[in-house]
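Worksheet for the structure shown next.
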């Protein structure tokens, strides 16, 4: 009888866990409505309530819905006081709120945010998520609220032992913020040496080369990304190759050709890549640098026809003043 009971209990575990595993997958895939519906059903079951609340907090955070995140987060930490993830997700909801309300209102949540994040780290010192959150706060918060670049650097070194990619990424970010660009570039190159397939790192490195007016180096990295199998990243790299030539004022004819190719191959859903208005505006810049003012004007007008932007409006006004 006892053996039968144990077997029955073991068989029940996957049945209970399945809805939560499926909900996690749906959240990872961005199927938020379906995930929410599933979690709102599972939260009614006592055996799943605590984990469902944690996932509902996470889902709300992904949607930047801090009101729901805080509501679910409070319940989650109450039901799961020993869960690092519960405290971490609640902290993220509080941080989202602080970023969207006034500075005065944000101060009312600051103490709770710090407490929840500290608890998450105490419960699981190896939580890469919580450590990333802590470093982000230390880097971005003003000094009076607890921001501390030196402490952020130390935490980034510690994070490298747990998650080398995020640890080094934060080190590069801090180096750039401290105006030590050479060190930041060296850190990004170190990351790329560790993982040559790291397309995100390669794109960041290319953008940094571009910002430093090292256009040949930037173009080399953008060309590699254009040949990759990530469509949106490839499109971004194509646009940035043209942008380098415009801001660097060289090879403007090639910049125009690249932008024309970009416009011809843009997906119907341009989310995550520069829009048509940006491409036409940059094309207008290139034409203007070549002294082809009529074509520049048409490009600016086309850009404004797609979407009103201050950049295109200013460029068109400046061009008209020179007539």
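Worth a mention:
- Here residue 40 passes the criteria (1) farther than 15 Å from residue 72 by Cα; (2) without any contact (Cβ under 8 Å) to a residue 24 or more places away in the chain except the one numbered (1).
- Filtered residues of region 188-208 (kept if surrounded by fewer than 21 Cβ atoms within 10 Å (Cβ to Cβ) and assigned to a helix (DSSP H, G or I)): 189, 190, 192, 193, 194, 199, 200, 203, 204, 207, 208
- Flag set for residue 104, criterion: over 22 Å from the mean Cα position of the chain (by Cα), surrounded by fewer than 17 Cβ atoms within 10 Å (Cβ to Cβ) and not assigned by TED's automatic domain parsing to the domain that holds residue 159.
Table: residues versus (1) more than 19 Å from the chain's Cα centre (by Cα); (2) assigned to a helix (DSSP H, G or I); (3) within 28 Å of residue 55 (Cβ to Cβ).
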site	(1), (2), (3)
91	no, yes, yes
96	no, yes, yes
110	yes, yes, yes
113	yes, yes, yes
126	yes, no, yes
131	no, yes, yes
153	yes, yes, no
165	no, yes, yes
171	no, yes, no
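- In region 280-307, the residues that are farther than 13 Å from residue 246 by Cα, assigned to a loop (DSSP other than H, G, I, E, B) and in contact (Cβ under 8 Å) with a residue 12 or more places away in the chain: 307
- Residue check for residue 277: in contact (Cβ under 8 Å) with a residue 12 or more places away in the chain, outside any loop (DSSP other than H, G, I, E, B), in contact with a helix residue (DSSP H, G or I) (Cβ under 6 Å, 6 or more places away or on another chain) and surrounded by fewer than 17 Cβ atoms within 10 Å (Cβ to Cβ): no
The values are calculated or read from the model by the stated rules, or taken from the named source; none is laboratory data. Bear in mind that the values here come from a model prediction, so they are computed numbers and not experimental data. Heads up, the Cβs are rebuilt from the backbone with ideal geometry, glycines too, and the neighbour counts pull from every protein chain shown.
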